[in-house]
Amino acid sequence: MDRFLIRGGKKLQGVVQISGSKNAALPILVATLLTDGKCVLHRVPNLRDVRTTLKILEYLGKKISYQKNTVTIEANGQLKNNLPYELVKQMRASFWVAGPLLARFKEAEIPLPGGCAIGVRPVDIHLKGFEKLGATCETKAGDVVIRAKKLTPAKIVLRFPSVGATQNLLMCACLIDGETVLENVAKEPEIDDVVAFLNKMGADIHSDDKGRLIVRGVKALHGAEHTVVADRIETGSYALAAAATRGEVTLEGCVPEHNAILWDDLQEAGFKLDIGKDFVRVHAYDGEIKPLRVRTAPYPGFATDLQAPWMTLMTLCNGTAEVDEDIFENRFMHAPELVRMGAQISTEKSLARITGVKELSAAHVQSSDLRGGFALVMAGLCAKGETEVERVYHIDRGYERLEEKLTELGADIRRYNPDKDEF
Ligand code: UD1
């Protein structure tokens, strides 16, 4: 299994181009199941989760070509309406095929995704929504069988603004005759991107002044071309890495307003930023990092996906910072690894207290999830000496060309596989 070897202590410097958003690309790829028309998607990041999604689409019967971040998806005969567990267990988001398959075939059989490292992650909100739309959901030997004689439009109030459930129900409602209203929906920018793509395919979706999504069903959707929005989590991750190494980095091709809270917090912590229309520059800053208290929340609140990299920055603050993780119940696995690198962190339930230290020290650490893995890479970039980060496959799920981008910014990082490479 691949590892990263990082010689830390270098300030990141230069320009980094932000990739297309993983969390927008995945549901957009899934949405192509709603049509037999040809779909062309640009700026699709080459990531493990994207490749898993393409395998899923191929398994279901699509023909795919993927070249230089452009994916072309075409019909290739009749689609299947079930997935094997092998594919679902690799990526929870594979459950999102349920919505489009149910809409098209009135029946879908998908293995229930289990919990994962960061929490239990049930799919009850998805299933309740399908039931409201006239389906029955039955669990059989680990699979959920979702069936409807006829799908009917409904008003659905989500118990929590789940990103995945909002997307799944949206995709399903597109082909249901009549008006479906989704209330208490997720407002993440990735949802807007999915809506934009669905509307290009001929769907009729808009949000009203109360923030509800109104879907007027259409008979069929056609193929469409779309460019995926910039990845706000990658943007935030590089901004935090620049800040923690006390470097000066320009993030190009991003949508700054999608990280508004993060920019406020970084400035409050002491950093100077230039925020342009499609770029953000983090200026070199050697002063003290002020400790802050942040609480993760649905968008536009502080993104749970940036909580771990933020924590790495706060390990170097002057005082005691706090992080409340309010979205996932078990998202502090990076904390004990950071402690192995000299950080002072205590956690109790959803609260982490981080008392800043002067510097981090290199260590051998393990990533246990995607964003926590990035937080460890970031710590390695700051620490003096050589840090080894194991289980890079988690990080490969969500950061395109990570070591190349960091190397271009002056980092000393290399990928190494102890089973294959010479040390
Ligand atoms: C998406 C993102 C992930 C991000 C998360 C929250 C993708 C591919 N993943 O995940 O990076 O961290 O949003 O911003 O876009 N929940 C339930 N029942 C449900 C659904 C969710 O209880 O039916 C709970 C979850 O366990 C979690 C919370 O709601 O505690 C948020 O989950 P959700 O918004 O659904 O996250 P995902 O869509 O899985």
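Would you mind calculating the relative contact order of segment 22-227 from Cα pairs under 8 angstrom and at least 6 residues apart, reporting the percent as a whole number? Kindly include the intermediate steps, with their values, before the conclusion.
Values: 431 pairs, mean separation 43.9, N = 206.
Over segment 22-227, the number comes to 21 percent.
Could you do me a favour and compute the accessible area per residue for segment 299-423, 1.4 Å probe, result in Å²? Could you put the intermediate results ahead of the total?
Working: 5010 Å² over 125 residues.
That works out to 40 Å² per residue.
Residues of segment 341-378 with an amide N closer than 17 Å to a point placed 7 Å from the Cα of THR320 along the Cα-to-Cβ direction: 343-358. When the chymotrypsin sites (Phe, Trp or Tyr not before Pro) in segment 1-108 are filtered for DSSP coil states and for at most 16 other beta-carbon atoms within 10 Å of their beta-carbon, no site remains. Surface exposure of segment 22-227, expressed per residue as accessible area with a 1.4 Å probe, stands at 41 Å². Note: relative contact order over the chain, using C-alpha pairs below 8 Å and six or more positions apart, is 22 percent.
Between PHE105 and THR136, the modelled labels are 1.9 nm apart [label points 7 Å from Cα along Cα→Cβ]. Cα centroids of segment 1-73 and segment 136-186: 25 Å apart.
Taken along the Cα-to-beta-carbon direction at a fixed 7 Å, the label points for GLU359 and LYS80 span 5.5 nm. The Cβ shell under 10 Å around GLY8 holds other residues with a net charge of 0, Lys and Arg each +1, Asp and Glu each -1. Counting charges near GLN366 (Lys, Arg +1; Asp, Glu -1) among other residues having Cβ under 14 Å from its Cβ returns a value of -2. Computed in the context of the full set of protein chains, the accessible area of segment 22-227 at 1.4 Å probe radius has 49% of its extent on carbon or sulfur. The C-alpha atoms of the chain define a longest principal axis, and helix 48-60 lies at about 20 degrees to it. Of the trypsin sites (Lys or Arg not before Pro) in segment 101-195, the ones in a loop by DSSP (not H, G, I, E or B) with at most 12 other beta carbons within 10 Å are LYS149, LYS150, ARG159.
Here the accessible area of segment 328-405 is 45 percent carbon and sulfur, with a 1.4 angstrom probe and all protein chains present. Looking at the chain alone, DSSP beta bridges between its own residues are antiparallel in about 75 percent of cases.
Beyond 19 Å in Cα-Cα separation lie the following of the pairs LYS38/LYS219; LYS38/LYS132; LYS150/LYS219; LYS10/LYS68; LYS10/LYS405: LYS38/LYS132; LYS10/LYS68. Compared with the dominant principal axis of the Cα atoms in the chain, helix 22-31 is inclined by about 10°. Specify whether the C-alpha gyration tensor of segment 22-227 places it in the rounded, prolate or oblate class, a ≥ b ≥ c being the square roots of the eigenvalues: rounded for a/c under 1.5, otherwise prolate if a/b is larger than b/c and oblate if not. Cα axes put segment 22-227 in the rounded bin.
Rounded to the nearest 20, the size of the Cβ-charge dipole of segment 22-227 about its Cα centre is 300 debye, with Lys and Arg at +1 and Asp and Glu at -1.
The values are calculated or read from the model by the stated rules, or taken from the named source; none is laboratory data. All figures in this text were calculated on a predicted structure; none of them were measured in a lab. Don't worry about glycine lacking a Cβ; one is built from the backbone with ideal geometry, like all the others, and counts go over all protein chains shown. The accessibility values were calculated without ligands, DNA or RNA, using every heavy atom of the protein model including side chains. Shrake-Rupley method; radii C 1.70, N 1.55, O 1.52, S 1.80 Å.
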